[in-house]
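A.B. asks: So that we are looking at the same thing, I have put the structure below in structure tokens.
The values are calculated or read from the model by the stated rules, or taken from the named source; none is laboratory data. As the structure is a prediction and not an experimental result, all values here were calculated from the model. With ideal geometry, Cβ positions are generated from the backbone for all residues, glycine too; neighbour counts draw on all protein chains shown. Each accessible area value is taken on the protein alone, full model and side chains, heavy atoms only, with ligands, DNA and RNA left out. Shrake-Rupley method; radii C 1.70, N 1.55, O 1.52, S 1.80 Å.
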Amino acid sequence: MTSRRQFLQAAAAGTAWLVSRNSVLPAMAGQTAESRIDVLLNEPVGVIAPEIYSHFVEHLGGVVYDGIWVGKDSKVPNINGIRKQLVEALAKTKPGVIRWPGGCFADQYDWRDGIGPHRQRPQRTNFWVDAPEWPKNARRDGPQVYDPNHFGTVEFARFCKLAGAKPYFAANLRSLPAQEFWRWVEYCNAPQGSATLARQREADGEARPLNVEYWGVGNESWGCGGNFAPEDYAIEYRRFSAWVPSYGVPLKLVGSGPNGDSYDWTSRFFGKMGGSVTSMWGWALHHYAWNASAGRTTNWFQGKRDALSFNEEQHYELLREANRMEELITKHWKLMGEVDREHRVKLLVDEWGAWHAPGTEPFPEALVGQQNTMRDAVLAGLSLDTFNRHADKVAMANVAQLVNCLHSLFFAHEDKFCVTPTYHVFAMYAAHQGAQSLRTEFSTPAQAYSRNGQPTSLPGLAGSASIKGKQVMLTVTNQSLDQMRETQIALRGGTIKSVNAVTLVTDDVHAHNSFEMPNVVEPKTQAVSTQGSTLVHRFPPASVTKLEITLG
Ligand code: AHR
């Protein structure tokens, strides 16, 4: 029997193979493929917002201190205190926006602590000080617990600029008055030399306005952001968002949306807001894939499983959780439309990703840090494809969180640095940004598996397609652990000139990168031969593929 490793070697060498039950055979020309993908070139869905490819950084564990901020005097190569290797690698993925400073941290953060000379900034106890997930051997006296506030507003704005992203601030609605929100906007956006806070910004090194457009009005206001009832949050939202000074910047205010399938939160907030809801630019859903227990528990701590060591059922269950995003988007969108009939308010998913059990932190102070395997890369690909397919609804999505944390693109500790498999997915998918999403039909046998003893299934293949000029991007995930999917791909309404395939796949779905072995998971590129308006491609198990198709 040909092993998965042999198959991968053959694929890399450009040999065509066809899976037949237990063996892998060379493919015969003209053989009927079991799967089909139809890309409908004349059926546009909407432009894919570059903001779908966005990020989230919170003062949580090793995200800011160590991950991003090393300080100007550090031996680690840095630009004004910001880790150079990180911004350079991040810039290559064309990040849309970066959300900061939280998360739950945001509703405990006083933005005034992060302005002025560093030596005068106060040291504050971090929101996460008592989190039960702290590894036992973590130092609890460093900046991850007692924040020196060296990374404040201008440092964050510079970080965004270096990475080529726009800043997205989350304002504190739980523990600061509305006036402090407006003052923060003033500090960021007031014209040079105008108000006292504009002069303070200049003293902090940024004479010109930062022109921050995106502002979150609270975070998880149903939970750590205040435990509000949706009607009460609507009243707070109105108070915070009334008459915010604009300084000529078209402010995009974001409401703290639902936790996963809390449809009640959306319908009651929109119901209370009524017609005034249309002054809100975006409504931010949060959804993490965390429960890999196959329905055995819904307990937040007991339902999670290990990031590295997982069995077949846990593999599929985590992906099942991520696949729920499709339904969450369509159902929340429908509820929003019952009040906002013209859909002027867009849906955001400003926290998403896998959340595993503790135990694989890249270093002890990286609270809720977790390893990132090929499974997480598949999860990232299928989530981004879901957002692309709903380009008419989803205006922004932020993977949580950028570095040393949950579904991270990077690990960075002292002078050590590496990218994760998920980084490669973001780099591969960047080509979708600003392109027109196309209706794309997948017809493929379902992936069957056993869920706590009961037969169930997931989509065999899933993906999205977009077009920009003559370039069509088709991205596809194969969630199966053992089925290679030979697929006939048809471009309805065009002919194909050439095709390039970029594939992220490993011979073990548990494969991951680490400081010691940073290049275990890397994409491979190969030319694909094709004729007319169809091609046949084989998607290997547990893989993410991008087909770059140039039209004739
Ligand atoms: O991303 C970690 C936490 O998850 C965020 O702080 C919070 O918003 C969410 O519950």
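A.B. asks: For the list (1) aromatic (Phe, Trp, Tyr); (2) open to solvent by less than 10 Å² (accessible area, probe 1.4 Å); (3) closer than 20 Å to Val63 by Cβ, I need the number of the one condition that Phe417 fails.
C.D. replies: For Phe417, the failing item is (2).
A.B. asks: Let me ask you something else. Of the residues Leu379, Leu335, which single one is surrounded by fewer than 23 Cβ atoms within 10 Å (Cβ to Cβ), in contact with a helix residue (DSSP H, G or I) (Cβ under 7 Å, 6 or more places away or on another chain) and outside any loop (DSSP other than H, G, I, E, B)?
C.D. replies: Just a single option satisfies the conditions, and that option is Leu335.
A.B. asks: Now a separate question. Could you list all residues from region 215-240 that are among the aromatic types (Phe, Trp, Tyr) and either within 13 Å of the ligand (Cβ to nearest atom) or open to solvent by less than 10 Å² (accessible area, probe 1.4 Å) (or both)?
C.D. replies: Within region 215-240, Trp215, Trp222, Tyr233, Tyr237, Phe240 qualify.
A.B. asks: In contact with a Gly (Cβ under 9 Å, 6 or more places away or on another chain) and either β-branched (Val, Ile, Thr) or within 21 Å of Leu318 (Cβ to Cβ) (or both), is that true of Ala395?
C.D. replies: No.
A.B. asks: State the number of residues belonging to region 274-300 that are away from the ligand (no atom under 16 Å from the Cβ), open to solvent by less than 10 Å² (accessible area, probe 1.4 Å) and among the hydrophobic types (A, V, I, L, M, F, W, C).
C.D. replies: 4
A.B. asks: Can you tell me which residue among Phe426, Phe442 is hydrophobic (A, V, I, L, M, F, W, C), part of a strand (DSSP E or B) and in contact (Cβ under 8 Å) with a residue 24 or more places away in the chain?
C.D. replies: Selected residue: Phe442, the only one of Phe426, Phe442 that is hydrophobic (A, V, I, L, M, F, W, C), part of a strand (DSSP E or B) and in contact (Cβ under 8 Å) with a residue 24 or more places away in the chain.
A.B. asks: Can you tell me which residues in region 156-214 are among the hydroxyl-bearing types (Ser, Thr, Tyr) and either open to solvent by 10 Å² or more (accessible area, probe 1.4 Å) or touching a Ser or Thr at 6+ places or on another chain (Cβ under 9 Å) (or both)?
C.D. replies: Across region 156-214, the qualifying residues are Tyr168, Ser175, Tyr187, Ser194, Thr196.
A.B. asks: So Pro358 clears everything in (1) away from the ligand (no atom under 15 Å from the Cβ); (2) open to solvent by 10 Å² or more (accessible area, probe 1.4 Å) except one condition, right? Which one?
C.D. replies: Of everything listed in (1) away from the ligand (no atom under 15 Å from the Cβ); (2) open to solvent by 10 Å² or more (accessible area, probe 1.4 Å), Pro358 misses just condition (1).
A.B. asks: Please go through region 113-153 and give me each residue that is over 15 Å from Asp66 (Cβ atoms) and either among the hydroxyl-bearing types (Ser, Thr, Tyr) or crowded, with 19+ Cβ neighbours inside 10 Å (or both), ordered by number.
C.D. replies: Across region 113-153, the qualifying residues are Gly114, Ile115, Thr125, Phe127, Trp134, Asn149, Gly152, Thr153.
A.B. asks: Something else about it: If I ask for residues that are among the hydrophobic types (A, V, I, L, M, F, W, C) and more than 19 Å from Leu409 (Cβ to Cβ), which ones from region 515-541 would you list?
C.D. replies: Across region 515-541, the qualifying residues are Ala527, Val528, Leu535, Val536, Phe539.
A.B. asks: I've got another one for you. Taking interchain pairs and intrachain pairs at least six residues apart, which have beta carbon atoms under 6 angstrom, with the first residue in region 202-214 and of a type in the set (Lys, Arg) and the second at pLDDT 95 or above?
C.D. replies: The qualifying pairs are Arg208/Gln192.
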